[in-house]
Amino acid sequence: MSANPQAELLRQALRDASVALDAAEASGEPAALSQALAQMSRCHRRFGSLAEAVWYAEHGLQIARGLSAVDASVDALCELGELALEQAVALDGGDEARGAHHLQDAARDHGFEAARMALHSADPQWEITVLLRLSDLFDKLGDHDDAIVLQCRAAGLMTRQAIRASEVVAPSPP
């Protein structure tokens, strides 16, 4: 094992993701390919290889959209929004401020599209998770009003879930 066990774990995760991507490409199954591309993106992001992470996330999104896979598309849009923000932070200051502003706008665009698409999810718990993830993104972008709107939307879903759960548990009146 290397002197840095965390780095070795990251390298192993990247190797595993690469094997999964090769298998997905060989199978020709678009859903598996979309998932494998998303995993490659996450691995590259953890390594700090943001450009590579964006490339894999964009290709995964393209395939997910072709499948009309709402959840995979939303996840890729969230990932792309977070990646754009990370890239903007890395560019912050100096002559690169214009590029950082463009990346922040891209992060917002991805976030808004993901929030719109999440409305079509069949799983309210997953939608709540996505909305809170997007709320964090908007908060980091300084868009606090948009972050609060998403938190309220998530809270509304949580409330509806709690009401439904209590209706199932509570006995019907005679």
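Coordinate-derived values only; no laboratory data. All values reported here derive from a predicted model rather than from experimental measurement. Counting neighbours? That spans all protein chains shown, and the Cβs are built from the backbone with ideal geometry, glycine included.
Evaluated at q = 0.23, 0.27 Å⁻¹, a Debye calculation over the C-alpha positions of segment 1-68 (equal weights, vacuum) places log10 I(q)/I(0) at -0.91, -1.11. For the chain, the alpha carbon positions stretch 67, 45, 38 Å along the principal axes, listed from largest to smallest.
With 0.36 nm allotted per residue and the present C-alpha distance subtracted, the Ser166-Asn4 stretch has 53.4 nm of extension available.
The charge dipole of segment 1-88, taken about the Cα centre with unit charges on the Cβ atoms of Lys, Arg (+1) and Asp, Glu (-1), comes to about 160 debye, rounded to the nearest 20.
Summing Cβ point charges (Lys, Arg +1; Asp, Glu -1) relative to the Cα centre of the chain gives a dipole of roughly 400 debye. Take 55-61, 19-25, 6-12, 35-41 and order them by the average number of nearby Cβ atoms within 10 Å per residue, most first; the result is 35-41, 55-61, 19-25, 6-12.
Once both labels are positioned 7 Å from their Cα atoms along Cα-to-Cβ, the gap between Leu119 and Leu67 label points is 2.4 nm. Here is how the number arises for the chain: DSSP H runs of 4 or more residues each give -39500 (n - 2.57), the sum is divided by the residue count, and the result at 222 nm is -29000 deg cm²/dmol.
Toward the positive end of the charge dipole of the chain, about the Cα centre and with charges on Cβ (Lys, Arg +1; Asp, Glu -1), which of Ala118, Met158, Ala90 goes farthest? It is Met158, whose Cα lies furthest towards the positive end.
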